[in-house]
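Nothing in this text is a laboratory measurement; each read-out follows from the coordinates by a stated rule. Only a predicted model underlies this, so the values are computations on that prediction, with no experimental measurement involved. Heads up, the Cβs are rebuilt from the backbone with ideal geometry, glycines too, and the neighbour counts pull from every protein chain shown.
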Amino acid sequence: MTNSSDHRLLLPETIWLETEDYQRANIISNHVKAEKQRWQTYLNLIALFGLESWLAERLPQPKITPKIDTTKQIYYLQVGDFTITAIAVSNLLDEMVQVSSQQLNNHPTHFYALLEINEEAEEAIFRGLLRRDNLDAYLVGGNAASRRAMRSESFREASPLGQVAYSTPSASPGNQSWQTSYGDYSFPLSWFDPEPNHLLAYCQHLTPEAIALPVGQTESTPTVRSTITATRTKLTQWLQDTVIEGWSAIETLIDSEMNLAYSTRNVALEYKKGKLINLGVELNNITMALLVTVKEEEENKLGVVIQLYPISGEQYLPPQVQLTLLSKAGKTLQSSQARERDNYIQLKPFKGKLGKRFSIEIALEDMKVKEDFEL
Amino acid sequence: MNGLSKYWQICRLSLANNQGYEFKEITAAQEFSQNLSSTEAINTLLPSFNSNSSVAGLCLRCYISYPILKSCQKLAALFSSNDNFNYRDLLPFVLNDDGQQEIILAEDGKTQLIIDRDGNTQAAQYRLFTVEIVASYKSDNSSMSLDNWAFLQTKQHPELKKFLAEFGFQHLSDWAMLNSTGVKQIAQLTTSDRQLIEVFHAVYRRDRRQQKVKRMGKCPNPTQEQLQEMQTLLRERNCIFPSAKSVFAALKKVASLLRQYDIWSYREPLEIYEPDSGNYAFRNDLPTENSNNALASEEQELLNFIQDSLNKALVTAIKQTISTRIAKLNKSTKYRPFAAKFVTGLELYYCQKKSLGEIAPLLGFSNWSQARRVLNPGDILNTVRTQTVQRLLTIILQKTQNLGLTDTSPSANDLQSLSIQIEAFADEAVFQAATAEIKSGKHRDLQSLYAQKIRLYCQQSSS
């Protein structure tokens, strides 16, 4: 009575999520504007990072990089020559999988990994895997591998609350629309291969050409660096006590499990209205905190101190990490680099007139993250 | 189950084994099904049963019992993020047919009649679920297969739904429940409840993400501040709540509503339709075919080779999995103290047959869920299975390439079907029994090959 997917009915693959996964997901999802999308992005990122560590523990020579571009809403893992999108769902009791059109279309990837995120219990269940070539075949529906469709008319049961407000995609065999009335896609769970281990087999034994991606899109899409393009942060707003989402007050960071190695002596106390902010920086999976302290100076000027700290219990910054102040035009104004055992690094305090723009760049090896500011 | 055996083997409850069910051969059904053609069986049996052939009914009841079992397993798997129940808890609701009674339907097409030894009929004391499914299935104008009908009927079983409402979401707080509500569930609520959830999402989800940075764990009650913000946002939408407290009460009410299984499961049925044949194919996520003989006979040589490799791969995989786990624990700030106790934990579980709950205090875990995170036997088993299968796959690919049987880079579909075959083989030989025994609740009898190898590992590493 054995079928290879039987095993997954009894013992689904559980991925334990780490505090760090939540932190990274939170920081990056802060860049998404609408709260509705933000929560889903947050869950998708948790899934992405959970998947990343799952793969890292199981592939013999893992070369895994998360590729994240918040402006284009592109999030995927680069595993060797393959790309993987993580689809996060809260539950699958209706056996349908909701996927946003951005996730599907912005940057097609070789694989779609379906993870059920149990946010509260800090676990993800790896529910299944869908290859892009199979997905496209299902979507088109004309292909021999995908002559499958949903019947709409049968077995219509009233909702327990007496309302049937939700409409599933209208369907007739062979001519299927998988797009829902609210723009997203809704796929049957049965499209997904219930055995997540096949992802390991594909990554190890296939060449990327074995899985056809939609034509014309992957080639033209420029390689996405792990760059977070943030909206410009207006520092004057802090003086009015408005902090942009994504930046936390100093107390938040000190209390938190992020264990920010913070001591008052490191922040110039003379800055009266100093606000601490955290920029989680995704560089080779190392998270750091960027601290910006501002104070009002004479003649409509602001004084600024920029520092970079390790978090998550790390005592030292990664050696060679570089903190750079750039002008609006991108010219390097000053820079500081971490040595072997630096608890933090900082730029020389500077002043500027209101409205002046600058950027801070954090770089480690070939990875760079830039954050834009306006005084 | 191959060929016609599904028409004469009934899946019924059993307390005698780890799985909680067994397949019982029904002699009368076996004799009757000799004359069936495997492609036309259902179409032959249904009309016979409807014209009072109780033995045709027996064949159908056997046939139906397997999808019922699968539905329970599938349902439990969909709820698997909690350990409050497993599929064996669901079986008694729906597997109430042991195949011992001869039953026909009364003229109303519903009432079940028992035929006694003298050939007299009397109304049955309780209704068999298998017979109910067959009786309600309309083959002529149905748009779905009998299998899928059985699956859906099982999902809709009132007692089973009640059970799921009670235990299915027990592990989730009201706030996590509200948090995980999606467009689809919201659409089933009243307008005012919808407003309430949307406003809750706007406030609570935003803060939840930030909160998680500070403190992991359960979703706390919304604060007074959050409730007031929701109250304000609701007012902007013309929903007036007199106080923050009343918002709280209303949210609690919606949360309890959301604990109904129906809200989450609601959707139209899925059936895979083959336009060419005009038939409905089996769903590939509800396996109905046995794959014991997945490897065809011409691959017998390969099979022998895999058999030889399996044992070696299993032992290596166990070693590798355990050492990777220990290394990972050593790296963790939170779980480092348990690295040295990991093998002891395995020993307590597999040699002394203690449960995780018993092991937790012995090894100094602060609670059961911490022990579960470090020492979950299911996780360890899954990882060993993964490593074993990957190892076998690599060996076999090399071998077939050396023999010139396959190209150096296989196609994705070939690789997938080879993986499935190897998994089926490894599950049959090792992991199926290993899974059943750890899933069997209190009286675990850890006799599988896997358990033996784990014990061997423990002995070797402690000597």
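For the stretch A:13-133, rounded, prolate or oblate, judged on the Cα gyration tensor with a ≥ b ≥ c (square roots of eigenvalues), a/c < 1.5 rounded, else prolate if a/b > b/c? The shape class here is rounded.
Based on every Cα atom in the stretch B:177-252, Rg and the maximum pairwise Cα distance Dmax equal 12.3, 35 Å. Between B:ASN367 and B:ALA16, the simple label model (points 7 Å from Cα in the Cβ direction) yields a spacing of 4.2 nm. Projected over every direction and averaged, the convex hull enclosing the alpha-carbon atoms of the stretch B:297-462 yields 11.2 nm². Spin-label model, A:ALA329/B:GLN452: points 7 Å from Cα along the beta carbon direction are separated by 7.9 nm.
In order along the stretch B:63-78, the Karplus-derived 3J(HN,Hα) couplings, from 6.51 cos²θ - 1.76 cosθ + 1.60 at θ = phi - 60°, round to 4, 5, 4, 6, x, 5, 4, 4, 4, 4, 5, 5, 4, 4, 5, 5 Hz, and Gly and Pro are given as x.
Per the Debye formula on identical point scatterers at the alpha carbon atoms of the stretch A:292-375, with no solvent, log10 I(q)/I(0) at q = 0.26 Å⁻¹ is -1.30. In terms of its C-alpha gyration tensor, chain B comes out oblate, because a/c is 1.5 or above while a/b does not outweigh b/c. Strictly over 25 Å apart at the Cα level, which of A:LYS33/A:LYS301; A:LYS348/B:LYS331; B:LYS155/B:LYS354; B:LYS24/B:LYS162; B:LYS218/B:LYS245; B:LYS74/B:LYS341 would you flag in this model? Long pairs (Cα-Cα over 25 Å): A:LYS33/A:LYS301; A:LYS348/B:LYS331; B:LYS155/B:LYS354; B:LYS24/B:LYS162; B:LYS74/B:LYS341.
Computed extension length for B:TYR335-B:GLN156: 60.2 nm, one decimal, from 0.36 nm per residue of separation with the Cα-Cα distance subtracted. Neighbouring Cβ atoms from other chains, within 10 Å of the Cβ of residues in B:428-434, number 2 on average. Electrostatic bookkeeping for A:GLU361 treats Lys and Arg as +1 and Asp and Glu as -1; over the other residues with beta carbon under 12 Å from its beta carbon, the sum is +1.
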